[in-house]
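The values are calculated or read from the model by the stated rules, or taken from the named source; none is laboratory data. This structure is a prediction, so every number in the text was calculated from the model and none was measured. We place every Cβ from the backbone using ideal geometry, glycine too, and count neighbours over all the protein chains shown. Heads up: the accessible areas ignore ligands, DNA and RNA and are worked out on the full protein's heavy atoms, side chains in. Shrake-Rupley method; radii C 1.70, N 1.55, O 1.52, S 1.80 Å.
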Amino acid sequence: MAAAPLNNLMQVWGARHSETPPPFSSKQHLHQVIDSAQIGGVPWQSFSANYSAKVTDTDLEQAPWKLKSYDVWFCDPLLVLRSQLGNPDFKGEMDLADALAQDPALHGSVFCPIILGSDKTTVSVATGQTDYYPLYMSNGLIHNNVQRAHRNGLTLIAFLSIPKTDAEHRNSDEFRHFQHHLFHESLRYIFETVRPYMNTPDIVRFAEGHFHRVVYGMGPYIADYPEQALLACIVQGWCARCTANFKNLDGPDGGRRTQELTQTLKGVLGQKALWDDYGIVSEAQPFTQFFPRADIHELIAPDLLHQLIKGTFKDHLVTWVVEYIEVTYPPAKAAKIIADIDRHIAAVPPFPGLRRFPEGRGFKQWTGDDSKALMKVYLPAIAGHVPAEMVKTMHYFLEFCYLANNDDDGGAVEGRDVLGEVLLARKPNFEVTSIPLHAEGLAIHYNIPALPNLISLFLYEQAHPDLEIPLVDIPIEDCPAPSGRIRVYPSAVATFYAPSNISGIGGMFRERIRAVSSWHGGPARYDFSDEPCPETGMWVVEKDRSEDGKLVMH
């Protein structure tokens, strides 16, 4: 709004509401209020770093990077942590634990791990291949679902500097040492405000409105492998957590790598021996060396996106499958098989949580979301086209990815009551006189020796709905023994919430499950298999068809 109409609006406001003055006296007053607002709460600040050793005349031509100034922009991490811990949106979604029981002076304080992550990023859109080095921070008190939900539980706190030189000097020892030193000294400087409160409690108001004594400590640092090598001050190819030789990482000679061990080795070995025998960059020192209770070799955590999802799945397994097909079959047949895999991927029906790939897996630029979406549909697409061992490899890898990404923090679907029920058939299988009516007989009849124990565990679970320990850890003798008649029903109808194009308006879906030798006088119907596919690990169901052979949706 222009200045004149805004001033007129304030005058009209004052004339019509004489008992209540307008919120702003003029346009200038409004702009002053806007400019005084604290956006984000924590201001950005910066410092500059320079090469501090002597610069020779030769360096002016061969090492111009020694003359440059390197700017680092950052937010005070102490203020950011206080803001995160006091965010009212996190009320009820934080876990508090006493800090460092071995130190009586800290009893009753909350220990807050600082979670860090960094990764060099190249932005090519509208920036001309600009490189950025962002540093992110979270804390270990908020739940995983908060960190993943873009609710300010993860904060960008710094842009680190990226020193550059020409290709001739890029791999020189001097430039490499400067890169290490600049990186670690920058991190040390950034977290200098937090260090006093790693031994002395900080008084912080938390999300629920109460004040707590907080002790901070360096927590996991999430990074891909090149970043891990930089953080741990090791030679590329060596492990950041153990001293096993890079030529045999699974060998028996490797021990745990620690900062204390590194300092001891530096005191007795020369630079060449440290490099060749232990993979240690002797001139560098991890930033965690200057903070209490912090050992970078213990804190390094893998980057699931780069090392697991894009690295192992996309760069190795998918490439492995394609290369196997191309090496094993003639070019024409190999192309036909790969095209069939793409057709299977493209045939995935619309469903929540599943992404469709109309052209298969043949897109040029893969993002992390592309890889994660393809992982959900890739396994059944390759089954039958590659050996069973390769399918099993993919199956076990995907199961590991599920476990690595599994989030135990559950919750109801917002704005909707999620209900489900299972209705059994109206009559049990009384007409089949050969089916036993007791647990032991059913175990023999269906060749399920563990059936009586499974029934006992089920009864125990029903009697203890608030069970806090895994059901498999309950001693079987503590469970009620099944007694009386057990009826076997030939079919059931399960109704559950599954929003999709094929569900009703409310997102509910109904599925009929049958295990009968004859369905409505017709052939046998078994809508499930006795066990999952041994190769893919997926359960196999049969399509439901009407008498005229058309697919039926219940």
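Over all other residues within a Cβ to Cβ distance under 10 Å of A49, the charged ones net out to -1, with Lys and Arg as +1 and Asp and Glu as -1. Taking other residues whose beta carbon is less than 13 angstrom from the beta carbon of T262, and scoring Lys, Arg as +1 and Asp, Glu as -1, yields -1. Counting only protein heavy atoms and using a 1.4 Å probe, the accessible area of F74 comes to about 10 Å². For L457, the shell of other residues with beta-carbons less than 14 Å away shows a net charge of -4, using +1 for Lys and Arg and -1 for Asp and Glu. Of the solvent-accessible surface of the stretch 119-260, computed with a 1.4 Å probe and all protein chains present, 51% belongs to carbon and sulfur. With respect to the cross-link table entries K247/K392; K272/K314; K247/K372; K164/K247; K66/K120; K164/K266, which display a Cα-Cα separation exceeding 26 Å? Pairs exceeding the cut-off: K247/K392; K272/K314; K247/K372; K164/K247; K164/K266.
Taken one residue at a time, the phi angles of the stretch 243-255 give Karplus couplings (6.51, -1.76, 1.60, θ = phi - 60°) of 9, 4, 4, 4, 7, 8, 5, 8, x, x, 8, x, x Hz. Gly and Pro are set to x. Note on D89 and D315: the model spin-label points, each 7 Å out from Cα along the C-beta direction, lie 3.3 nm apart. Note on D57 and C533: the model spin-label points, each 7 Å out from Cα along the C-beta direction, lie 7.4 nm apart. Between R176 and C242, the distance separating the two model label sites (each 7 Å from Cα on the Cα→Cβ line) works out to 2.4 nm.
Were the residues from V33 through D369 laid out at 0.36 nm apart, the gain over their Cα-Cα distance would be 116.8 nm. Applying 1/(1 + (r/R0)^6) with R0 = 30 Å to the Cβ-Cβ distance of N447 and V493, what FRET efficiency is obtained, to the nearest 0.05? After rounding, the FRET efficiency stands at 0.65.
Shown here for the stretch 265-374: trypsin sites (Lys or Arg not before Pro) in loop regions (DSSP other than H, G, I, E, B) with at most 10 other Cβ atoms within 10 Å, namely K364.
Treating r as the C-beta distance of E440 and A388 and R0 as 41 Å, the FRET efficiency rounds to 0.65. The order of I203, I435 by accessible area, most exposed first and with a 1.4 Å probe, is I203, I435.
Close amide H partners of I234, meaning residues 5 or more places away or on another chain with modelled amide H under 5 Å apart, are V281.
In Å², what does the accessible area per residue of the stretch 244-403 work out to with a 1.4 Å probe? Walk me through the numbers before you get to the answer.
Working: 8960 Å² over 160 residues.
With the other protein chains kept in place, the stretch 244-403 gives 56 Å² per residue.
Shown is the FRET efficiency for V472 and L354, computed with R0 = 35 Å from the Cβ-Cβ distance and rounded to the nearest 0.05: 0.70.
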